[in-house]
Amino acid sequence: MGNPRGVKRDAEVLEVLEQRRLQAARLLRQGVRQSEVARRVGVHRQSVSRWAKQLATGGLASLKKAGRSGRKPRLSSADLRRIERKLKQGPEAQGYVTGLWTAQRVGKLIERECGVHYHPSHVWRILRQMGWTAQRPSGRALERDEKAIQRWKDERWPLLKKTRRAKAKP
């Protein structure tokens with residue numbers, strides 16, 4: 001019973017399942033037979049039998065969906081929006097010399113803004129939840145001359161590039 005290991009509970013699916021159980025409860029309270037309730041709701045009659053027992057012992061509340069599982073998040077959605085605004089401003093705006101966000105830097109930002117300390121590995125989980133991905137800067141030199149590079153590729157590279165030799169005639 002329950003979800004297989006590793007399967008997350010989807011809020012929309014849970015809502016649909018709860019509505020189905022409550023619809024079955026209404027039909028049961030109207031005196032509709034369990035087999036007919038199962039047909040109308042589209043479930044196995046054993047499920048309706050289980051729901052009928054739950055309804056008899058615990059009332060409608062026993063058929064409602066369970067609350068969210070796990071520990072409550074320490075950052076609210078407003079906190080996450082505030083952190084994301086700061087991230088979009090860039091590390092330089094937060095006083096860092098380079099334009100690279102690291103897990104440690106983001107962790108310090110979260111601690112400074114929200115007063116919550118996270119391990120760097122959990123900071124990455126929060127960033128992924130917000131839709132951010134790990135990226136590295138391209139590392140190109142500031143003095144890079146794109147026109148000169150293209151000219152070299154067009155003119156010099158073909159002269160240096162090895163070509164296939166024609167096969168020797170026997």
### Task
Just one of (1) part of a helix (DSSP H, G or I); (2) closer than 30 Å to GLU12 by Cβ; (3) in contact (Cβ under 8 Å) with a residue 24 or more places away in the chain trips up ARG125, so point out which.
(3)
### Summary
Note on TRP132: of the conditions (1) surrounded by 10 or more Cβ atoms within 10 Å (Cβ to Cβ); (2) part of a helix (DSSP H, G or I), unmet is (2)
### Message
Out of GLY31, GLY2, I need the residue that is modelled with pLDDT under 90 and surrounded by fewer than 13 Cβ atoms within 10 Å (Cβ to Cβ). Which one?
### Response
GLY2
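For every residue, the table says whether it meets (1) modelled with pLDDT under 90; (2) under 25 Å from GLU12 (Cβ atoms); (3) assigned to a loop (DSSP other than H, G, I, E, B); (4) of a type in the set (Lys, Arg).
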position: LYS53; (1), (2), (3), (4): no, no, no, yes
position: SER69; (1), (2), (3), (4): yes, yes, yes, no
position: LEU75; (1), (2), (3), (4): no, yes, yes, no
position: LEU87; (1), (2), (3), (4): no, no, no, no
position: GLY107; (1), (2), (3), (4): no, no, no, no
position: HIS117; (1), (2), (3), (4): no, no, yes, no
position: SER138; (1), (2), (3), (4): yes, no, yes, no
position: ALA141; (1), (2), (3), (4): yes, no, yes, no
position: ILE149; (1), (2), (3), (4): no, no, no, no
### Task
Looking only at region 87-102, decide whether some residue is surrounded by 14 or more Cβ atoms within 10 Å (Cβ to Cβ), touching a residue at least 40 places away in the same chain (Cβ under 8 Å), under 23 Å from the mean Cα position of the chain (by Cα) and not assigned by TED's automatic domain parsing to the domain that holds GLN19.
yes
### Message
I'd like to know if region 130-137 contains one or more residues that are closer than 28 Å to VAL16 by Cα, touching a residue at least 12 places away in the same chain (Cβ under 8 Å) and within 22 Å of the chain's Cα centre (by Cα).
### Response
yes
### Summary
SER121 fails exactly one of (1) out of contact with any helix residue (DSSP H, G or I) (no Cβ under 8 Å at 6 or more places or on another chain); (2) exposed (fewer than 11 other Cβ atoms within 10 Å of the Cβ); (3) at pLDDT 90 or above, namely (1)
### Query
Taking region 8-37 on its own, how many of its residues are free of Cβ contacts under 8 Å to residues at least 12 places away in the same chain, among the hydrophobic types (A, V, I, L, M, F, W, C) and in a helix (DSSP H, G or I)?
3
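The values are calculated or read from the model by the stated rules, or taken from the named source; none is laboratory data. No experiment lies behind these values; they were computed from the predicted model shown. Note: ideal-geometry Cβ built from the backbone for every residue, glycine included; neighbour counts use all protein chains shown.
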